[in-house]
Amino acid sequence: MTEIKSQFDPNLRKIIKKKKQVAVIPVGSIEQHGPHLPISTDSDIVTEIARQLSEKEKFLLLPTITYGVSFEHAPFFNLSIKESTLHTVMTDLCISLLANNIKTVFVINGHHGNLKPLKDIGEKLRILSKNRLRVFPLSYWHFMQREFDHAGFVETSLMLAISKNVKMKLAKKGLVTDGMNQQQINDLGRLAEKSFLKVTKNGIWGDPRKATKRDGQIILDEIMKNLEKKCQTCITRHSSKLHQ
């Protein structure tokens, strides 16, 4: 792995010139995650996933874009950028990577609100670059079997596995969808995209109280195994169908 923020220009240019490089850009958010998880949770998790991916596959690791599209969490705390802003920033970064002769980029997404502005970015950049640049947006929760949550069991377990900044004594049960059919869950999800508070009442989707570090490590290992396989598939062009 080469973490570019710690590199010096001459050495970094030699690394890029030596062989074809693949870059990884983690994208997270700054938003409320209940009383027990820090507001940096999405950015913390996706940073660690991107770090492990880059280390295993020997990719270039870029600094995390820590701000995302999180307006739905108001009036709870969030620092948000517009969808158009995130789309523009990611487009500019990828074009800049191409100018430095880096032609394959994985955008690892850690926040649901970022899905829309990242969805078609690969196709847009392929056209803009006249097929010289390949950009693959991948959301990490698509690479695990468990249903994702927000500050619930899954996200809290992942944070316990990677961080000491978790206050389990403050963990509270949030919205639990057990017993609901898929249509009801989908309807709640659409409403939550507009107002997370109206749906969850306390800002938590799921129940974090039984989350453990061990469970978090198991989930993280599953994500990494499936994500690494997907990245290799993208690089070797065996499949053009991407998770988004």
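For region 26-57, which residues satisfy the criterion of being assigned to a helix (DSSP H, G or I) and not aliphatic (A, V, I, L, M)?
Thr41, Asp42, Ser43, Asp44, Thr47, Glu48, Arg51, Gln52, Ser54, Glu55, Lys56, Glu57 - these are the residues of region 26-57 that are assigned to a helix (DSSP H, G or I) and not aliphatic (A, V, I, L, M).
Restricting the search to region 178-192, which residues are surrounded by 12 or more Cβ atoms within 10 Å (Cβ to Cβ) and in a loop (DSSP other than H, G, I, E, B)?
Passing the criteria: only Met180.
Could we say that Ala161 is assigned to a loop (DSSP other than H, G, I, E, B) and aliphatic (A, V, I, L, M) here?
Numbers: assigned to a loop (DSSP other than H, G, I, E, B): no; aliphatic (A, V, I, L, M): yes.
It is false that Ala161 is assigned to a loop (DSSP other than H, G, I, E, B) and aliphatic (A, V, I, L, M).
Given (1) in contact (Cβ under 8 Å) with a residue 40 or more places away in the chain; (2) surrounded by 17 or more Cβ atoms within 10 Å (Cβ to Cβ), where does Thr64 come up short, assuming only one miss?
All conditions are met except number (1).
Across region 16-53, what is the total count of residues that are buried (at least 23 other Cβ atoms within 10 Å of the Cβ) and more than 19 Å from Asn114 (Cβ to Cβ)?
1
Only residues that are over 14 Å from His150 (Cα atoms), basic (Lys, Arg) and touching a residue at least 40 places away in the same chain (Cβ under 8 Å): list them for region 170-211, please.
Scanning region 170-211 gives Lys194, Lys210.
Restricting attention to region 151-169, which residues are more than 12 Å from Pro38 (Cα to Cα) and out of contact with any helix residue (DSSP H, G or I) (no Cβ under 8 Å at 6 or more places or on another chain)?
First pass over region 151-169, keeping only residues more than 12 Å from Pro38 (Cα to Cα): 152-154, 157-158, 161-162, 169.
Matches in region 151-169: Gly152, Lys169.
If Phe148 meets every condition in (1) touching a residue at least 60 places away in the same chain (Cβ under 8 Å); (2) outside any helix (DSSP H, G or I) apart from one, which number is that one?
(1)
For Lys58, are the conditions met, namely being in contact (Cβ under 8 Å) with a residue 24 or more places away in the chain and either surrounded by 18 or more Cβ atoms within 10 Å (Cβ to Cβ) or at negative phi (or both)?
Answer is no for this residue.
Across region 142-157, what is the total count of residues that are surrounded by 20 or more Cβ atoms within 10 Å (Cβ to Cβ) and either within 23 Å of Glu72 (Cα to Cα) or of a type in the set (Lys, Arg) (or both)?
Residues that pass the stated criteria total 8.
Residues in region 164-177: is at least one under 22 Å from Ile45 (Cβ atoms), part of a helix (DSSP H, G or I) and at pLDDT below 95?
no
Test Glu31 against the stated conditions and say whether it is of a type in the set (Asp, Glu) and either under 23 Å from Thr91 (Cβ atoms) or touching a strand residue (DSSP E or B) at 6+ places or on another chain (Cβ under 7 Å) (or both).
Criteria met by Glu31.
What tally of residues in region 1-25 results from selecting those that are farther than 19 Å from Gln52 by Cβ, part of a helix (DSSP H, G or I) and among the charged types (D, E, K, R)?
Final tally of qualifying residues: 5.
The values are calculated or read from the model by the stated rules, or taken from the named source; none is laboratory data. Because the structure is a prediction, the values reported are computed rather than measured. Glycine also receives a Cβ, built like all others from the backbone with ideal geometry; neighbour counts cover every protein chain displayed.
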